[in-house]
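The structure appears below as structure tokens.
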Amino acid sequence: MPRRALGALALAPLATVPPDRPGPGELRVTAMDVGQGMAAVVQVGDRTLVYDTGPTLGPQLDAGARTIVPWLRATGTRRVDLLVVSHRDDDHSGGARSLLRLHRVDAFASSLPDAHPIVAAAPGAHRCARGGRWTWGEASFEWLHPADPPEPARRASSNASSCVLRVRHPAGTVLLAGDIEAPQERRLVERFGAEGLAADVLLVPHHGSRTSSTEGFLDAVSPRVAIVQAGYRSRFGHPHPRVVERYARRGVELLRTDADGAVQLRLRADAPMHVVRGRLEPARYWRIDARAGRGRRATRVIARSSPRPSPRPRRGPARPPASTGTPRARRAARGSRTPRRAASRPAATRGPPRGSCPAR
């Protein structure tokens, strides 16, 4: 036992591992893999902003406790300078209370009503409203939506009040769009135009729903990279094939958390954008590329244990031959003929009765 205690010395180097934080002049955006929901982390130097917190996963479990907090601790993030909940839908606000309870949060911004329990539990709570601005070092932040007072909407949906945040940095511009839909996108284009909406990175509105990512909005933003946060085989059909086609037609690289896992973009002014896909990098033989297709036969392994897979397709189990059946009349006739043939045989040729022993 005393010798085993010396094993603690072997763990000492773990305490010297530096946290994975952005370097000088770097803007880092991480889209978390929270299933059918939205959660993104923007890091500038030693400042951290969390945009949305993913969905509730069960009676006592949510994306905040299961995904966001462990990731923050693993990257050495001791505090969240600003937590944003874009609107009240559960797939955006489900993990907020766990994050507030389990991690240090200095300020909170949302479009939630003042009586909402998340607002009551959050420190420094305030509303996101168009025109609000602040700076963290070289990065400038601005709320583009919603207006104050809110603009009228045809449907009483909380998507229309989503907080839209623009982040400008010498390394690039990021637009976080929440769940805004076509009417809100048109108003943003009318108010800010292409000059005010242009961004290098776009967090795709409403998970790629067909009610968003309109032609005019994409032309104004003109992103190089767009990120869709949606669940694998989403029951809502996100992202919609027409929306995917719109991005492809404009040459936008579309990253998807349902296929790529957590997506991290590292932007520097003096280097090309670096993309890290959590499900694919680093390459391992157990990692599966979900982009290859939806079925088993279309799934492709990134790093195979054998460089030459068998070209022969896998076959299912062989089925037994179907019975042709015997007509009932034929079976009856066959059974009736057998006794007559036995009776017509001479007695001398017939054997002894079954169960008897012949006399010696």
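Read-outs throughout are calculated quantities, based only on the coordinates presented, and are distinct from any laboratory measurement. Remember, it's a predicted structure, so these values are computed and weren't measured experimentally. Quick reminder, even Gly has a Cβ in these numbers, built from the backbone with ideal geometry, and neighbours come from all protein chains shown.
In plain terms, the C-alpha convex hull of region 63-115 casts an average shadow of 3.6 nm² when viewed from every direction. Neighbour counts of other Cβ atoms within 10 Å put Tyr285, Tyr51 in the fewest-to-most order Tyr285, Tyr51. A Cβ-based charge dipole, computed about the Cα centre of region 20-278 with Lys and Arg at +1 and Asp and Glu at -1, lands at about 240 debye.
The orientation-averaged projection of the convex hull spanning the C-alpha atoms of region 193-279 amounts to 5.9 square nanometres. Let me know the shape class of region 20-278, please: from the alpha-carbon gyration tensor, a ≥ b ≥ c as square roots of the eigenvalues, rounded when a/c is under 1.5, otherwise prolate if a/b is greater than b/c, or oblate. Cα axes put region 20-278 in the rounded bin. Restriction of the trypsin sites (Lys or Arg not before Pro) in region 85-172 to DSSP coil positions whose beta-carbon has at most 14 other beta-carbons within 10 angstrom yields Arg154, Arg155.
Stretching Ala120 away from Asp46 to a fully extended chain increases their span by 23.9 nm, per 0.36 nm per residue minus the current alpha-carbon distance. Translational diffusion of region 115-219 was estimated from the Stokes-Einstein equation, with Rh taken as the Kirkwood radius over Cα pairs; at 20 °C and 1.002 mPa s the coefficient is 147 µm²/s. Converting phi to 3J(HN,Hα) with the Karplus coefficients 6.51, -1.76 and 1.60 and the offset θ = phi - 60°, region 186-202 yields 5, 5, 5, 5, 5, 7, 9, x, 5, 5, x, 9, 4, 8, 7, 10, 10 Hz in sequence order, with x at every glycine or proline.
A Stokes-Einstein calculation at 25 °C with viscosity 0.890 mPa s, built on the Kirkwood radius of region 1-47 over Cα pairs, returns a diffusion coefficient of 172 µm²/s.
Ranked for footprinting exposure by Cβ neighbours inside 10 Å, fewest first, Leu102, Leu27, Leu188, Leu72 give Leu102, Leu72, Leu188, Leu27. Counted over all Cα-Cα pairs of region 135-281, pairs farther apart than 26 Å make up 23 percent.
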